[in-house]
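Student: Attaching a single structure in structure tokens format; questions to follow.
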Amino acid sequence: MTQTDNKTVAGRGGKPFTRRKFLAAAVGAAAAWGGYSYFFGSQYRAAKADRKVDVLLIGGGIMSATLGVYLKELEPNWTCEVFERLDKVAEESSNGWNNAGTGHSALCELNYTPMDDKGNVHITQAININENFQISRQFWAHQVRKGVLGNPREFINSTPHMNLVFGQENREFIRKRVEALKASPLFAGMEMTTEPAKIAEWIPVMMEGRKPDEVVTATRSPLGTDVNLGEITRQFYKHLSGNSGVKVTTGYEVRSITRNEDGTWRVSAFDTKDGSQIQTVDARNVFI
């Protein structure tokens, strides 16, 4: 990504890896969560950029915020700018009203445990996703200790995760799913019931008015959490804005990214009110 010192730290199994590799892994992980590839255009190219930065983050959501916090901790001398088209950060997918807040921990996401043609339920994807969520929780705990994030109750709280399915076929799938998942400590304590009275105890509103002979099955995991990604994002940006070398620009939409002769990226952003104001930035690295 840049010419930096090649410090090493211990990786999995004690094998060393360089800071550069760590940063590359962080960028790669962020892209896997929801980043996109570069797009190109030359119609808005200015003769000279307004400023230069080491990293430009496009989009004021949880992904850019997380990567920005990573980079400022690992490369505190790098300059960084964020462009967000709305007037505030964390107003789209990261907003607490616009996502489930489950952390995609696979406790209740049935698509992470597919069943094959022979009736076997596979949990590899569920385990991998849950492990990644545990790493996210460790990262947030680290930021709490550093004072970047505030009281954890402001953004993460214990909330049981549940499934409710109907019919005999889905009941059999759920039974196999629970049996398979309980073999992993990540899913310890998961319960399943076919008793309407028990289900009504867990989720009374969902059982109101149902016929007593209806085939209903429910699962419940006490390990679930409700994560407010919007609050994490806002606190991350508050921290970043207080750092020298970081600029958060809202109300500007990126419409062009082109490659400069020196390998940097020319990014042009227009104000979203009437499009009359343009900001151009040359960045060594761009994340979308």
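Student: Being of a type in the set (A, V, I, L, M) and touching a Gly at 6+ places or on another chain (Cβ under 9 Å) is true for just one of Leu110, Leu67, Leu74, Leu149. Which residue is that?
Tutor: Working: Leu110 fails: touching a Gly at 6+ places or on another chain (Cβ under 9 Å); Leu74 fails: touching a Gly at 6+ places or on another chain (Cβ under 9 Å); Leu149 fails: touching a Gly at 6+ places or on another chain (Cβ under 9 Å).
The unique qualifying residue is Leu67.
Student: Moving on to the next point. Condition first: hydroxyl-bearing (Ser, Thr, Tyr) and more than 17 Å from Asp226 (Cα to Cα). Now tell me which residues in the stretch 84-116 satisfy that. Let's see the steps before the verdict.
Tutor: Going through the stretch 84-116, the residues hydroxyl-bearing (Ser, Thr, Tyr) turn out to be 93-94, 102, 105, 112-113.
Result: Tyr112, Thr113.
Student: Same structure, new question: Condition test on Lys72, is it over 21 Å from Ser268 (Cα atoms) and basic (Lys, Arg)? So that I can check it myself, show each step before the final result.
Tutor: Values: over 21 Å from Ser268 (Cα atoms): yes; basic (Lys, Arg): yes.
So Lys72 passes the test.
Student: Report yes if some residue within the stretch 72-83 is surrounded by 17 or more Cβ atoms within 10 Å (Cβ to Cβ), of a type in the set (A, V, I, L, M) and over 19 Å from Glu231 (Cβ atoms); otherwise report no. Steps first, please.
Tutor: Restricting attention to the stretch 72-83, the residues satisfying the condition of being surrounded by 17 or more Cβ atoms within 10 Å (Cβ to Cβ) are 72, 75, 78-83.
Add one more test, that the residue is of a type in the set (A, V, I, L, M), and what stays is 82.
Then drop every residue that is not over 19 Å from Glu231 (Cβ atoms), which leaves none.
No: the stretch 72-83 contains no residue that is surrounded by 17 or more Cβ atoms within 10 Å (Cβ to Cβ), of a type in the set (A, V, I, L, M) and over 19 Å from Glu231 (Cβ atoms).
Student: Would you point out which residue out of Arg220, Arg284 is basic (Lys, Arg) and closer than 29 Å to Leu107 by Cβ? Break it down into steps so the answer makes sense when it comes.
Tutor: Values: Arg284 fails: closer than 29 Å to Leu107 by Cβ.
Arg220 is the lone residue from the list that is basic (Lys, Arg) and closer than 29 Å to Leu107 by Cβ.
Student: Hey, another quick one. In the stretch 128-150, what residues are free of Cβ contacts under 8 Å to residues at least 12 places away in the same chain and aliphatic (A, V, I, L, M)?
Tutor: Ile135, Ala141, Val144
Student: Let me ask something else. Which condition number does Phe173 fail, the rest of (1) without any contact (Cβ under 8 Å) to a residue 24 or more places away in the chain; (2) not assigned by TED's automatic domain parsing to the domain that holds Ile62 being met?
Tutor: (1)
Student: With respect to Gly119, determine if the residue is surrounded by fewer than 17 Cβ atoms within 10 Å (Cβ to Cβ), on the phi > 0 side of the Ramachandran plot and either touching a Leu at 6+ places or on another chain (Cβ under 9 Å) or at pLDDT 95 or above (or both). Walk me through how you get there before you give the answer.
Tutor: On the way: surrounded by fewer than 17 Cβ atoms within 10 Å (Cβ to Cβ): yes; on the phi > 0 side of the Ramachandran plot: yes; either touching a Leu at 6+ places or on another chain (Cβ under 9 Å) or at pLDDT 95 or above (or both): yes.
So Gly119 passes the test.
Quick grid of which residues meet (1) within 17 Å of the chain's Cα centre (by Cα); (2) part of a loop (DSSP other than H, G, I, E, B); (3) surrounded by fewer than 17 Cβ atoms within 10 Å (Cβ to Cβ):
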| position | (1), (2), (3) |
| --- | --- |
| Val89 | yes, yes, no |
| Ala126 | yes, no, no |
| Arg137 | yes, no, yes |
| Arg153 | no, no, yes |
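Student: Tally up the residues in the stretch 118-171 that are of a type in the set (Ser, Thr, Tyr) and farther than 20 Å from Gly189 by Cβ, please.
Tutor: The first filter runs over the stretch 118-171 and keeps only residues of a type in the set (Ser, Thr, Tyr), leaving 124, 136, 158-159.
Add one more test, that the residue is farther than 20 Å from Gly189 by Cβ, and what stays is 124, 136.
So the answer is 2.
Student: Something else now. Suppose we keep only residues that are assigned to a loop (DSSP other than H, G, I, E, B) and out of contact with any helix residue (DSSP H, G or I) (no Cβ under 8 Å at 6 or more places or on another chain) within the stretch 92-119. Which one would you say is nearest to Val178 (Cα to Cα)? Give the steps one after another, and end with the answer.
Tutor: Kept after step one, since they are assigned to a loop (DSSP other than H, G, I, E, B), are these residues of the stretch 92-119: 92-95, 99-109, 113-114, 116-119.
Then drop every residue that is not out of contact with any helix residue (DSSP H, G or I) (no Cβ under 8 Å at 6 or more places or on another chain), which leaves 100, 102, 108, 116-118.
Values: Ala100: 22, Thr102: 18, Cys108: 10, Asp116: 16, Asp117: 18, Lys118: 17 Å.
My answer is Cys108.
Student: May I pose another question? For the stretch 223-249, what are the residues that are of a type in the set (A, V, I, L, M, F, W, C) and closer than 18 Å to Leu56 by Cβ? Full working, then the answer.
Tutor: Just the residues of the stretch 223-249 that are of a type in the set (A, V, I, L, M, F, W, C), to begin with: 223, 227, 229, 232, 236, 240, 246, 248.
Matches in the stretch 223-249: Phe236, Leu240, Val246, Val248.
The values are calculated or read from the model by the stated rules, or taken from the named source; none is laboratory data. Keep in mind that this is a model prediction, so the values were computed, not measured. Cβ coordinates were reconstructed from backbone atoms using ideal geometry, including for glycine residues, and neighbour counts include every protein chain displayed.
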